[in-house]
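Report on the structure given below.
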């Protein structure tokens, strides 16, 4: 079997050797019982430290891909490990087969890299990337998008804009407060959507008219949600002393809500309430934002239910 090592430092040499041996076994290049090159031989041939090769072989032995025979060397294990092949190994095997075939046809690495870039550029986005600097708000909005079950969702702060490669394959979404800043920082051609938020007047309608005898809870990890919900309920006619406001970041916040008839909360806090307490989840995303998300996801993945 032929080995090769990248020297750019992105992947440790030990990990490169482990992966190549596993792929060689899975691809049939290394047969059960076949002897592998000695530590000294590999270290000398590829100018790799002997400790690196030794550590790679020990890792392969731990995973039961190879076995050490005292005084003889390192051999491919007679049976493959009883484990499910993970996604990374499966992808590595396909990529290794691609490079192996390309070498057989005499294709230079530059041509392979160029064509791979061409094909990657042609692929449609496969996930949403929510960019929002507020950690708690980001968690709530990401949970609302995930609840749509339309497409995978990732989230990050504004720092991600300094690493454009992370944006690959993403439809970037942001709330209006950061929309302009995010959009200006995106590479040309990046799919982008501003998520419209739910209007306060429309949300107040469900509370009208207010019943002063009711004790209502408000709970969230996002401080702005607590202020917004309190303002909404008071505007709807509730007295401030009829509202139990609880910061869900604090320990034991659920206990004091047992006497309320219901708790207005975000979708993340709602999941943390005991079943004995009625949760009224206030969504941040508007119906228009939800429709936009479903439309984009449907364009990429096909019609949604």
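The set of residues in segment 199-218 being modelled with pLDDT of 85 or more and surrounded by fewer than 17 Cβ atoms within 10 Å (Cβ to Cβ) consists of 215 alone. When segment 21-54 is filtered for residues that are under 18 Å from residue 67 (Cβ atoms) and in contact (Cβ under 8 Å) with a residue 60 or more places away in the chain, the ones remaining, listed by number, are 22, 26.
Do we find that residue 150 is outside any helix (DSSP H, G or I) and at pLDDT below 80 in this structure?
Working: outside any helix (DSSP H, G or I): yes; at pLDDT below 80: yes.
For residue 150, the condition - outside any helix (DSSP H, G or I) and at pLDDT below 80 - is met.
Sub-6 Å Cβ pairs linking a first residue in segment 1-13 that is under 20 Å from residue 35 (Cα atoms) to a second residue that is surrounded by 12 or more Cβ atoms within 10 Å (Cβ to Cβ), at least 6 apart or interchain, are 1/24; 1/29; 1/30; 3/20, ordered by first then second residue.
Taken as a whole, the structure leaves residue 245 outside the set of residues that are modelled with pLDDT under 90 and touching a strand residue (DSSP E or B) at 6+ places or on another chain (Cβ under 6 Å).
Among the candidates 284, 228, which residue alone is closer than 16 Å to residue 141 by Cα and either in contact with a strand residue (DSSP E or B) (Cβ under 7 Å, 6 or more places away or on another chain) or without any contact (Cβ under 8 Å) to a residue 24 or more places away in the chain (or both)? If you could, list the steps in order and put the result at the bottom.
Details: 228 fails: either in contact with a strand residue (DSSP E or B) (Cβ under 7 Å, 6 or more places away or on another chain) or without any contact (Cβ under 8 Å) to a residue 24 or more places away in the chain (or both).
Testing whether each residue is closer than 16 Å to residue 141 by Cα and either in contact with a strand residue (DSSP E or B) (Cβ under 7 Å, 6 or more places away or on another chain) or without any contact (Cβ under 8 Å) to a residue 24 or more places away in the chain (or both) leaves just 284.
The number of residues in segment 232-254 being assigned to a loop (DSSP other than H, G, I, E, B), in contact (Cβ under 8 Å) with a residue 12 or more places away in the chain and at negative phi comes to 7. When you check residue 181 against the structure, is it assigned to a helix (DSSP H, G or I) and either farther than 23 Å from residue 142 by Cα or at pLDDT 90 or above (or both), yes or no? Spelling it out, residue 181 is indeed assigned to a helix (DSSP H, G or I) and either farther than 23 Å from residue 142 by Cα or at pLDDT 90 or above (or both). Residues in segment 255-305 that are modelled with pLDDT of 85 or more, part of a loop (DSSP other than H, G, I, E, B) and either out of contact with any helix residue (DSSP H, G or I) (no Cβ under 9 Å at 6 or more places or on another chain) or farther than 20 Å from residue 231 by Cα (or both): 258, 259, 260, 261, 271, 272, 273, 274, 275, 276, 277, 278.
The values are calculated or read from the model by the stated rules, or taken from the named source; none is laboratory data. Quantities reported herein were computed from a predicted structural model and do not represent experimental measurements. Quick reminder, even Gly has a Cβ in these numbers, built from the backbone with ideal geometry, and neighbours come from all protein chains shown.
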